[in-house]
Amino acid sequence: MSRPSATLPSDPPLQLTGVPQAFEHVTDRAEFCQPLAGVELYRAHIVRHAFEPHTHEAFGLGVIESGVERFRYSGSEHLAASGSVVMMNPDELHTGQAATEHGWRYRMIYIDPAVVARVSGEDGWSFEQAGRHDPAAALRVGQLQAALWQADEPLAFDSLLYALLAEFRPLARGPRPARTQGALRFAPVLDYLRANLGERLTLEQLAAVADLSPYHFLRSFRAQYHVTPQQMLMALRLLEAKRLLAAGMRPALVAASTGLSDQSHLTRAFVRRYGVTPARYQQQLRGS
């Protein structure tokens, strides 16, 4: 797969033929690009769309270029205004919506922890803050992210990727904190959900895995992850759907493999979490 390439300090506005059909509101635009394994670029201008809880198996590092985003992350509400950098740890559920009339324009790069470790030479990065208002850093990050979209030589791309991670390194701390007792208790439940994405699960089944009564489990799970077990299941289903789509599987088969009722269900759920249709997502990756 060719990489995008490195010469754009200020790339032109997005011209995404067909993307409006991915959203209920035609003012919203989003685009993905997967230049190499473990790295996904994303840029968007969102006015009306509200992203449902979803997750990535990667660090989400980005910049707010204009407007203000409101998002829920790690159980707290956050506002990220123009001139902010955004840092999300892997596997953290989050939402996103505009906090201003004209929405917000932003860029993200999703990088697998193994890629971060390989490029930075350090394992175990984590971020304590979800966002930080720093216009000077945001300008540099935005320029680097724009250049990554245009880098047509592997050496240029890798050099830019290193420079981008160097911008975030001062905001990262060492190895992620040990999981809390609650996280340890529910780890088998998450494993069970991942292993049974295609099944019609019950509260009783999940509670039995955690060795709790059903509604005690539901209350405790919600307190730990700030979402219900059903919301977590859907987030994991859509994360797996994203992985299968990136691997080239047909959307209808992806829907069947991840426990969604049909391709239409997949499309609606995928758009609500990632902002594009499954078909458009695949088209964008093929064009990377």
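Hey, can you tell me all the residues within the stretch 244-288 that are among the basic types (Lys, Arg) and without any contact (Cβ under 8 Å) to a residue 60 or more places away in the chain? Passing the criteria: 250, 268, 286. Elements of the type helices (runs of 4 or more DSSP H) sitting completely within the stretch 109-223 and holding at least 2 residues that are among the β-branched types (Val, Ile, Thr) and within 19 Å of the chain's Cα centre (by Cα): these cover 113-120. Considering every residue within the stretch 49-64, establish whether at least one is touching a strand residue (DSSP E or B) at 6+ places or on another chain (Cβ under 6 Å), assigned by TED's automatic domain parsing to the domain that holds residue 29, surrounded by fewer than 16 Cβ atoms within 10 Å (Cβ to Cβ) and in contact (Cβ under 8 Å) with a residue 40 or more places away in the chain. Yes, that holds for at least one residue. Of all the residues in the stretch 132-164, those that are at pLDDT below 95 and touching a Phe, Trp or Tyr at 6+ places or on another chain (Cβ under 9 Å) number 1.
Of all the numbered requirements in (1) farther than 26 Å from residue 35 by Cβ; (2) at pLDDT below 95, residue 255 misses one, and that requirement is (2).
The residues in the stretch 203-243 that are under 15 Å from residue 94 (Cα atoms) and hydroxyl-bearing (Ser, Thr, Tyr) can be counted, and the count is 2. Please tell me if residue 195 is modelled with pLDDT of 90 or more, of a type in the set (A, V, I, L, M, F, W, C), surrounded by fewer than 18 Cβ atoms within 10 Å (Cβ to Cβ) and over 30 Å from residue 82 (Cβ atoms). Answer is yes for this residue.
Condition (residue is part of a helix (DSSP H, G or I), closer than 22 Å to residue 52 by Cα and free of Cβ contacts under 8 Å to residues at least 12 places away in the same chain) applied to the stretch 229-237: is it met by at least one residue? Among the residues of the stretch 229-237, at least one is part of a helix (DSSP H, G or I), closer than 22 Å to residue 52 by Cα and free of Cβ contacts under 8 Å to residues at least 12 places away in the same chain, which makes the answer yes. When residue 119 is tested against (1) within 23 Å of residue 69 (Cβ to Cβ); (2) surrounded by fewer than 20 Cβ atoms within 10 Å (Cβ to Cβ); (3) of a type in the set (A, V, I, L, M, F, W, C), only condition (1) is not met.
Just checking, how many residues over the stretch 250-287 are crowded, with 17+ Cβ neighbours inside 10 Å, part of a loop (DSSP other than H, G, I, E, B) and out of contact with any Asp or Glu (no Cβ under 6 Å at 6 or more places or on another chain)? Count: 5.
Does at least one position in the stretch 143-161 carry a residue that is among the hydroxyl-bearing types (Ser, Thr, Tyr), in contact with a Lys or Arg (Cβ under 7 Å, 6 or more places away or on another chain), in the same structural domain as residue 47 (by TED's automatic domain parsing) and surrounded by fewer than 19 Cβ atoms within 10 Å (Cβ to Cβ)? Among the residues of the stretch 143-161, not one is among the hydroxyl-bearing types (Ser, Thr, Tyr), in contact with a Lys or Arg (Cβ under 7 Å, 6 or more places away or on another chain), in the same structural domain as residue 47 (by TED's automatic domain parsing) and surrounded by fewer than 19 Cβ atoms within 10 Å (Cβ to Cβ), which makes the answer no. What do you reckon, is residue 281 aromatic (Phe, Trp, Tyr), touching a strand residue (DSSP E or B) at 6+ places or on another chain (Cβ under 7 Å) and not assigned by TED's automatic domain parsing to the domain that holds residue 51? So residue 281 fits the description; yes.
The values are calculated or read from the model by the stated rules, or taken from the named source; none is laboratory data. Nothing here was measured: the structure is a model prediction, and the numbers come from that model. Every residue, glycine as well, gets a Cβ built from its backbone with ideal geometry; the counts of neighbours run over all protein chains shown.
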